[in-house]
Amino acid sequence: MPFSVELFFDPKSSMAVQQCGAFLQKAGVPSIFSTLGASPHVSLAVFEQYNPERLHALLKKLAASYPPTSFRLSSAGTFFGKEGVLFLAPVVTDSLLKIHDWIHRALPKAVEGNWVYYLPGGWVPHCTLAIRLTPKKLGKGLEVLRRKGVSIQGRYSHLALVETHPRIKPIRLIYSIPFSGNHRKNP
């Protein structure tokens, strides 16, 4: 089963992203919030197996090293391929890249089977709204978001470990840890 480390949003921005999902649902485009029980997030890493004690310790250390970090979701997009993914994209900031880099420097000690799409140099940060859309529904979803003029500001408030196997069962939160640090130096 795949697992992921995700950046969860503060309650206000999470609700704003879920509202985007509701707009999509109303237009006949199923969102991952209603179909899979997902929470709004940006995935930092996806992998096949992990050592619970090691991963929990490194996520706890990372969360204690960084404060809640500001973000802005300012565009919508999709990936080429058959997956039919519709997403909102955050503005890529130095803070986001530092958190992503830190997690990937530490992960080899705790996980196996990293997915290449999430590794440094190949990662496209995104907040998934819908998956497995037909080209017609994908176009409709992009149009809904364009008409709404979506731009969401908020904070990444938690790191979360999630079990993600949406073709078999709903997404399952394993645990989350709030950011609590001040980031005066790299952990």
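The values are calculated or read from the model by the stated rules, or taken from the named source; none is laboratory data. Because the structure is predicted, anything quoted here is derived from the model rather than measured. Reconstructed Cβ throughout: ideal geometry from the backbone, glycine too, with neighbour counts over all protein chains shown.
Some observations on this one:
- Whichever residue in the range 21-33 is farther than 10 Å from residue 130 by Cβ and not aliphatic (A, V, I, L, M) and, among such residues, is surrounded by the fewest Cβ atoms within 10 Å (Cβ to Cβ): 26
- Which numbered condition residue 178 misses (of (1) out of contact with any Gly (no Cβ under 9 Å at 6 or more places or on another chain); (2) modelled with pLDDT under 95; (3) not polar (S, T, N, Q)): (2)
- Residue within the range 7-17 that is of a type in the set (Ser, Thr, Tyr) and over 29 Å from residue 111 (Cβ atoms) present: no
- Whenever a residue of the range 1-24 is more than 23 Å from residue 98 (Cβ to Cβ) and touching a residue at least 60 places away in the same chain (Cβ under 8 Å), its partners that are acidic (Asp, Glu) and not in a helix (DSSP H, G or I), lying with C-beta atoms within less than 8 angstrom and at least six residues away or across chains, give the pairs 1/48; 1/163; 2/48; 2/163.
- Tabulated pairs, the range 123-146, first in contact (Cβ under 8 Å) with a residue 60 or more places away in the chain and over 15 Å from residue 23 (Cα atoms), second among the acidic types (Asp, Glu) and assigned to a loop (DSSP other than H, G, I, E, B), C-beta under 7 angstrom, 6+ apart or interchain: 131/83
- Failed item, numbered, when residue 82 is tested on (1) free of Cβ contacts under 8 Å to residues at least 60 places away in the same chain; (2) surrounded by 14 or more Cβ atoms within 10 Å (Cβ to Cβ); (3) not acidic (Asp, Glu): (2)
Residue-wise test of (1) of a type in the set (A, V, I, L, M, F, W, C); (2) touching a strand residue (DSSP E or B) at 6+ places or on another chain (Cβ under 8 Å); (3) closer than 30 Å to residue 136 by Cβ.
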{"position": "24", "(1), (2), (3)": "yes, yes, yes"}
{"position": "45", "(1), (2), (3)": "yes, yes, no"}
{"position": "49", "(1), (2), (3)": "no, yes, no"}
{"position": "77", "(1), (2), (3)": "no, yes, yes"}
{"position": "86", "(1), (2), (3)": "yes, yes, yes"}
{"position": "91", "(1), (2), (3)": "yes, yes, yes"}
{"position": "107", "(1), (2), (3)": "yes, yes, no"}
{"position": "113", "(1), (2), (3)": "no, yes, no"}
{"position": "118", "(1), (2), (3)": "no, yes, yes"}
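- Hits in the range 48-68 (condition: more than 30 Å from residue 22 (Cβ to Cβ), out of contact with any helix residue (DSSP H, G or I) (no Cβ under 7 Å at 6 or more places or on another chain) and among the hydrophobic types (A, V, I, L, M, F, W, C)): 55, 57, 59, 64
- Flag for residue 181 being at positive phi and either in contact (Cβ under 8 Å) with a residue 60 or more places away in the chain or under 14 Å from the mean Cα position of the chain (by Cα) (or both): no
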